[in-house]
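This is the structure I have questions about; it appears just below.
All of the numbers you see were taken from the coordinates with simple rules; none came from a lab. Since the structure is predicted, the reported quantities are computational estimates derived from the model, not experimental observations. No Cβ is skipped: glycine too gets one built from the backbone with ideal geometry, and neighbour counts run over all protein chains shown.
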Amino acid sequence: MSQGDPQLVAAPVFTIGSIALACQLVQIVSPGALGAPLAIILMCTGVFLLVATIWAAAVGQSFVACFAGTFGGFWLAYGVLVLGLLHNWFLIPPKDVANTVAIFAISFAAFFLFLTLASIRLPVIYTAIFGLVVLALVLAFVVTGRGTMLLGRWQLAGACSALVLWLPNLAWNAQHRWAEIAMTQSLHAENGGLGAVVGFIPSQVVVVGPVLVVFWVAGLRHLWKAPAWRPLAVAYLVLLGIFTVSGGKPYYLAGMYYVLFAAGGVWAERRLDARTPPRGVRGWVALMVAGAVLSLPLTLPVLPESTLPSGSWESGINKDLSATVGWRDFVDQVARTEHALPPAQRAHVVILAGDYGAAGALDLWGPAEGLPMAISGHNTYWWWGPAGARDGATTIAVDLPRSVLRTFFAQVRPAGSVRTPHGVWTEERDDPIWVCQGQTRSWTQVWPSLRHYD
């Protein structure tokens, strides 16, 4: 029996609610009649989008469930906001009502702007819907009388500066099939599970260092309390939310902590100055030194190689510390495999790496061993293509499964495996070094299938 299509419910009720809100914004009713569209927004759009969300989740349409659930939450929250303001449920002073509406508009506009960018690779209707919602929220923000917060000369100058900084990235992405969005989608698929989402915020303690959490929290609070600097606090919180739900890696927020530490330092300095006589300087200095000492082994390669993790779960604390261990030895192993080939095969040998780390190591130290530049389908390496790779040439491959190589080589045999000093964990440890011959498809034909983002 057919399970039906929840989109047939979601699309009409979403459209009806959007029209009702648009009529409110263009003031078909008087500005004071905030409750005019609530019957539609709550009982039609909000409730039936919730129904569509449950329906879509039940039949396995995850994206539709996400789409309907997000917008259902928006419409229901809008209804509760308006009812709460009309009946003073939240005990908000009249002078803060406009700011309350502005908070609602900014919060959802920021999230829907992210969805607009993320939907560029989807059918254009999704991008159009998200974009129109962002526009409507900006208009709502202006209607509340807070438009000057967006349209002041310094705000416009900041927006223009941000656009100039973003233009090279936007241009590159537009020319490369929006690779950054594809990367974000891949990271979400890999790291966007409940465990990763729940663990992202605690992982920031490792990034910051347990002792410096004092400066992190105090700095964030200090920025939030100062109207002139509050946008920095908002930027941090928005990025924290986006990276939490999108599956970002813990260190993606590292740059923002310099701002929070600086603000935390100002807070600490004022606390010291407020004391008569000033005291406690040694305590703060000791706190910062202790934080540095505790953080160094987690962030910089200061410990001997023999103390580094040997298991992948241990390296999860900071996998970059051990990821580069033994790279020279790794290149030497690949070079010995290449030197063992007959001279005729060595003349045109191709080096194929499964990840950018291995490819980078081979490109850095390989030429001194007589190796050609490596090719790889990992992240940006894929966009450089199989440059210089000759069809039919013997290929040495590493960090790729035999099943993948067999799709375009008739013969795939192991010539050894990667060894690391002290058995330290790396992405390539214990991976076979393959010698591949009898190419059945050209590099141009096989290259699209080798691309992977993670």
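Apply the Karplus curve 6.51 cos²θ - 1.76 cosθ + 1.60, θ = phi - 60°, to the phi angles in region 339-352 and return the couplings in whole Hz, x for Gly and Pro.
Residue by residue, region 339-352 yields 5, 7, 6, x, x, 5, 7, 5, 4, 10, 4, 10, 10, 10 Hz.
Something else about it: Using the basic label-point model (7 angstrom from Cα toward the beta carbon), what is the GLN7 to ALA368 distance in nanometres?
Between GLN7 and ALA368, the label points sit 5.6 nm apart.
So, one more: Compute the signed sum of charges (Lys and Arg +1, Asp and Glu -1) over the other residues within less than 15 Å, Cβ to Cβ, of HIS222.
Local charge sum for HIS222: +3.
Between region 353-393 and region 81-102, what is the C-alpha centre distance in whole Å?
60 Å
Next up: By counting other Cβ atoms within 10 Å of each Cβ, how are ILE375, ILE28, ILE40 ranked from fewest to most?
Listed from fewest to most nearby Cβ atoms, that is ILE28, ILE40, ILE375.
Going by the alpha-carbon gyration tensor, a ≥ b ≥ c the square roots of its eigenvalues, is region 192-300 rounded (a/c under 1.5) or, if a/c is not under 1.5, prolate (a/b greater than b/c) versus oblate?
Cα axes put region 192-300 in the oblate bin.
In what order do VAL424, VAL289, VAL435 fall by count of nearby beta-carbon atoms within 10 Å, going from fewest to most?
VAL289, VAL424, VAL435
Would any residue of region 388-411 have its amide N under 15 Å from a label point 7 Å out along Cα→Cβ of ALA344? List them or say none.
Counting backbone N atoms under 15 Å from the label point, the list is 392-394.
In nanometres, what is the gap between the two model label sites at VAL404 and SER62, each 7 Å from Cα along Cα-to-Cβ?
Modelled inter-label distance: 2.0 nm.
Mind sorting SER30, SER18, SER376 by how few other Cβ atoms lie within 10 Å of their own Cβ, fewest first?
Ordered from fewest to most neighbouring Cβ atoms within 10 Å, SER30, SER18, SER376 come out as SER30, SER18, SER376.
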